[in-house]
Amino acid sequence: MPSRLKGVLPYAALFVGAAYLFYDAATFAAAARPGQLGPDFWPRAVLVLLMIVCGCEILRKLLFDRGVDAVVADAPHATPHDEEASAPEPRFPLRLGVGIALSIAYVLTLDVLGFFVATALYLALFMVTGRYYRSRVVLLSSVLGSLAFVFVFMKVVYVSLPLGVGPFKVLSVWLLALLGIR
């Protein structure tokens, strides 16, 4: 099988799966309330975006991708510099484990800390785990990222998020009022 078709197969399978799920989402039993989006809107919107991305990748691979065989055939003889460039990338299994543990801890603490605090901590700790140590950037991006997620999920998508307990709930309610979210 030509390498172009091999490269297209995963995207074609995703496209077909997304098309089936798009059709299936139209059969949701609940109907939309007047003036609000129905329960089928967001799943179908995501599936349309997935089908667009898959379609673009299929076209790119069929029309513009020369395939691995053509690239290898066009390559000049290897030089010592090329051999250095092809050295394997270093791996960090401990960092991977910490990232997995952070993800599990995030899910487990979400109800207690609330979405905003848990997400801000998760983003900050994940950046530090990924060896990004600029404290101002980590702090600013984790807080702003968490606020952006809260705004999008609660104001745009209408998803109810956990507020937390005790002082975390007080902070969450204050932030929601500040963002104009009821």
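The values are calculated or read from the model by the stated rules, or taken from the named source; none is laboratory data. Model, not experiment: these values are computed from the prediction. With ideal geometry, Cβ positions are generated from the backbone for all residues, glycine too; neighbour counts draw on all protein chains shown. Protein only, heavy atoms only, side chains kept; ligands, DNA and RNA dropped before computing areas. Shrake-Rupley method; radii C 1.70, N 1.55, O 1.52, S 1.80 Å.
Rounded to two decimals, the Cα-based Rg/Rh of the stretch 80-152, with Kirkwood Rh, is 1.16.
Ranking of 9, 178 by solvent-accessible surface, largest first: 178, 9 (1.4 Å probe, protein heavy atoms only, all chains present). Normalising the average separation of contacting C-alpha pairs (under 8 angstrom, six or more residues apart) by the number of residues puts the relative contact order of the stretch 77-182 at 29 percent. Mean silhouette area of the chain, derived from the convex hull of its C-alpha atoms and averaged over all directions, reads 16.7 nm².
Counting only alpha carbon atoms, the long axis of helix 135-151 and the longest principal axis of the chain meet at about 70°. Give me the percent of accessible area attributable to carbon and sulfur for the stretch 104-170, probe 1.4 angstrom. Carbon and sulfur atoms account for 76 percent of the accessible area of the stretch 104-170. Relative to the dominant Cα principal axis of the chain, helix 93-129 is inclined by about 30°. Once the mean of 1/r is taken over each pair of separate Cα atoms and inverted, the stretch 118-182 shows a Kirkwood hydrodynamic radius of 12.6 Å. Of all lysines in the structure, those lying under 23 Å Cα to Cα from residue 169, and not within fewer than 8 positions of it along the same chain, are 155.
In the full protein context, the chain carries 73 Å² of accessible surface per residue, based on a 1.4 Å probe and ignoring ligands, DNA and RNA.
Net charge within 13 Å of residue 127 by Cβ-Cβ distance, Lys/Arg positive one each and Asp/Glu negative one each, not counting residue 127 itself? Summing Lys and Arg as +1 and Asp and Glu as -1 gives +4.
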